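The values are calculated or read from the model by the stated rules, or taken from the named source; none is laboratory data. In this text, all values refer to a predicted model and were calculated from it rather than measured experimentally. Backbone-built Cβ (ideal geometry, glycine too); neighbour counts: all protein chains shown. Ligands, DNA and RNA are stripped out before the accessible areas are found, and what is left, the full protein with its side chains, is counted by its heavy atoms. Shrake-Rupley method; radii C 1.70, N 1.55, O 1.52, S 1.80 Å.
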Amino acid sequence: MMRARFERLKFHGLFIKLFAVMVICIVTITVSVVWTNLRMTEQLFLETFSITNSKVIDQIHNNFEAFHYSIVLAANQAQQSGTLKTFLTEAEAPQSIRVMNSYYNMTQQMKRVQSMVDAYSVGVAIVGKNGRSYSGNVNLAKPSALELQRSELTAKAQANPDKLMYQLYRDASGRQFIVTTKVLMERTTGQEYGMLYIVIDENDFKPFYTSFTSEGNDVVIMDKNGTVMTSNIPDLTGRRSVELLSYAEEIEEQGLVVKKVTLMAKDQLMLAQYLPSYDFYLVNMIDQQMVLGQMVNTRSVVLICLAIVLVALVVVFLISRKMTRSLTLLARQMSKVTRRNFHNYVNVSGGYEIRELGRAYNYMLDEIHEYVDKLVETQKGQRKAELAALQQQINPHFLYNTLASVKFLVQQDSKDKAVETIHALISLLQNTISNVSETITVEQELANLRAYVFINHIRYGERIRVNYYVAPDCAHYQVPKLMIQPFMENAFFHAFNVKGEGVIHVLVAKEGSKLVCEVADNGDGMDMAAFELEHGTAGRAGRPAYEAADAGAVEVVAGSARAGAGAGSAWASVDAGSAQAGTEAGGARAGAGAGNAQDGAKFRGSRKLFSGIGVANVNDRIRLLYGEEYGVTITSRLGEGTRVRMTLPLIVAN
């Protein structure tokens, strides 16, 4: 089954190659276009992102600057207030009225400071060197001024007294605040007298930027130590990220608009801007895959491309199949010519080139038919001419000696035997010379054979007997004319040179779907070693000239190297020109002395009836007429005899 499939597929080689090339081209082009489109989309996104998000960063920056401006106003108001200075520097007085007035004035002043930042949910607190403190935001329960004073924020602020600092503070409950600290100092002497704290909850700080964030679009605010002050990503707030800080510093130092980075196992696009008022870095991070996925539906693009590819492949398949179908059929039909099928004309269809090939192929078949017909006719004529020539090769000495024998019989008053001899000679001449048919029936062939045997018995006596065994249902089958006679002739003149007498059996019968004719004798047989020395092993048909049947036997495939009566050969076929024996002088005396002891010697010197109809000729004629599976096989054993076997098809005359 696999072999049959392979045989079918080999005729579709062009279609398979063409379709494979088209598939590769379509897939390659589609992938290239999609990849290029995605890259262009990404590049366009980067350009658009850099412009759009730069404006977003600027807007967020403006929001922070507006808040910072309010803080600055509040800090300046507190710094310039003498009331607050007095409250934070004076010693505690025992007079309660004075203390109450001081607290009242301080409260009024703090309300004015608070009014500067009323737009934001902040708390304002102060702590003085004298230990007095005030927390002025009723909404701010924690942290108190004293809690802030005890934190590390105060120490950092005192280390930079001239600077307004923004720091992160986390209370005991985990709440996070952005605390602005300002050291209150005497302007002339620079002496510190108090600390101002402006506190905003980290959640109240987020509205400055959260309106510009979305899923995959995040904002991070961090100080110069890498500590995240606030972010829309809750897990980041309060954590220190050195990697994020390094990217922000790189963007700021190199003046980059946008930078591709990998953070939190994601490909990110990062924008960063330094906020000098806060000493913070404002960082905007975009999840590249998520945003691109929102801009370009990759799944839809892939499905659409697959649909396009499938449609294109179907179209290519149909077109390619249609274009190559005619060529495939032509190749399949042309391949049958090698199987001698010259009637396999093709239907001319398809494109112009295929039609021209089909016409040329059909024209070639016509030419082959014409050539084969002429060749067959020529070979038929040649065979007829050869047969006619063979029929003319009746040895004149045979006629002379036969007629001399008849004359001698008449002189001996054996008129009946003389008449029978003349009738046998006439019948033999009629069937060999007058009848030009190439094939005759088995019955006619045996009639010729009997006439030939009768004449030989008249001439040489009956020391060689002939028996005929013919199946009754085989008489009407056709055989080549003069097929059996050469082997009978060989048996008469070569098979009994040593033994002197014997029997020849002629057998004709059916064997399966074949007609088998045999000529077997119990004569001298053949010497295998002498035959090898005489003729070698290479035959005309390109195979061994004989095969050993068993020890001491030899089987000869007719059509081998020309066989003649070689040295040591007791039996041989007769070929054209092979009989070069002397004349049959005294032949009539041999006929008159039929049966005497000198017949054996006369057999050795006698001339054959047909000097050109030999074993090889018979075998070649059979194969030429009926095919290679038919022919002649000779089996011989020295001292036991020879058997000639001819196989033919069962053919009945019309």
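Side notes on the structure shown:
- Solvent exposure of S121, expressed as accessible area, is near 80 Å², computed with a probe of 1.4 Å over the protein chains only.
- The charge dipole of segment 46-295, taken about its Cα centre with unit charges on the Cβ atoms of Lys, Arg (+1), Asp and Glu (-1) only, comes to about 920 debye.
- Estimated inter-spin distance, R325 and N76, nm [label 7 Å along Cα→Cβ]: 9.1 nm
- Listed residue (V122, V99, I286) projecting farthest to the positive dipole end of segment 46-295, Cβ model: V99
- Accessible area of segment 46-295 divided out per residue, in Å², using a probe of 1.4 angstrom: 48 Å²
- Note on segment 170-235 and segment 450-529: Cα centroid distance 132 Å, given to the nearest whole angstrom.
- Judged by the mean number of other Cβ atoms found within 10 Å, the most tightly packed of the peptides 484-492, 180-188, 408-416 leads the ranking 484-492, 180-188, 408-416.
- Loop-located trypsin sites (Lys or Arg not before Pro) in segment 200-265 (DSSP state not H, G, I, E or B) with no more than 16 neighbouring Cβ atoms inside 10 Å: K224, R239.
- With an a/c value of 1.5 or above and a/b larger than b/c for the gyration tensor axes a ≥ b ≥ c computed over the alpha-carbon atoms, segment 46-295 is described as prolate.
- Packing here is the average count of other Cβ atoms within 10 Å per residue, and on that basis the peptides 61-72, 642-653, highest first, run 642-653, 61-72.
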